[in-house]
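Beneath this line is the structure, given in structure tokens, with notes to follow.
The values are calculated or read from the model by the stated rules, or taken from the named source; none is laboratory data. The shown structure was predicted, so the numbers you read here are calculated from the model rather than taken from an experiment. FYI the Cβ positions are ideal-geometry reconstructions off the backbone, even for glycines, and counts take in every protein chain you see.
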Amino acid sequence: MALAQGAAGGDILFGEACLARGVPLQLLLPLAEPEFIATSVLPCSAGEAWRLRYQALRAPGTTAAHYARGAWPAAVRPPGRAGNPYERCNRWLLYSALAYGLDRLRFICLWDGGNGDGAGGTAHMVEEVRRRTGRITWLDTRELW
């Protein structure tokens, strides 16, 4: 089982690789799908091409997408406030993966090592995983391209 948000870039590339290898994929979205596409897919360079790739991931019978409706569980939101939806979703992804067992969790990230992706981005997810498991496979984009 593979879990991802489905944002333009590494998330979609990961999803495509999973499906090509027959690995079941679930997308956990921080926002309702239309809003997610508008904020995490279309604004990127070549946004329309990424949208088409996202839609291919979501073709009938391929990948389920879920988003939290209403209140988020206390475990994924900071105490006393709603928090950033992307940070909450990172924790949701992590806790969902941990539910399969700590020994089965593998976090793979395609990342440049920076903080440029903002709150709830890759840097945040790396820190969340590092604090809980330390099992990170980092594909460093500065070395790949």
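Observations on the model:
- Of the residues in segment 36-43, at least one is buried (at least 19 other Cβ atoms within 10 Å of the Cβ) and in a loop (DSSP other than H, G, I, E, B).
- Among (1) closer than 18 Å to GLY6 by Cβ; (2) part of a strand (DSSP E or B), the one test that HIS124 misses: (2)
- Some residue of segment 138-145 being under 15 Å from LEU3 (Cα atoms) and surrounded by 14 or more Cβ atoms within 10 Å (Cβ to Cβ): no
- Of the criteria (1) modelled with pLDDT under 95; (2) within 17 Å of the chain's Cα centre (by Cα); (3) within 23 Å of MET1 (Cα to Cα), which one ARG53 fails: (1)
- Selection status of GLY83, surrounded by 16 or more Cβ atoms within 10 Å (Cβ to Cβ) and either at pLDDT 95 or above or not charged (D, E, K, R) (or both): yes
- Criterion applied to LEU93, LEU27, LEU110 was being among the aliphatic types (A, V, I, L, M), part of a helix (DSSP H, G or I) and modelled with pLDDT of 90 or more, and the one residue passing it is LEU93.
- Among the residues making up segment 10-31, those that are free of Cβ contacts under 8 Å to residues at least 60 places away in the same chain, surrounded by 13 or more Cβ atoms within 10 Å (Cβ to Cβ) and of a type in the set (A, V, I, L, M) are ILE12, ALA17, LEU19, LEU25, LEU27, LEU31.
- Residue list for segment 97-127, filter: exposed (fewer than 11 other Cβ atoms within 10 Å of the Cβ) and either under 16 Å from GLY9 (Cβ atoms) or in contact with a Cys (Cβ under 6 Å, 6 or more places away or on another chain) (or both): GLY116
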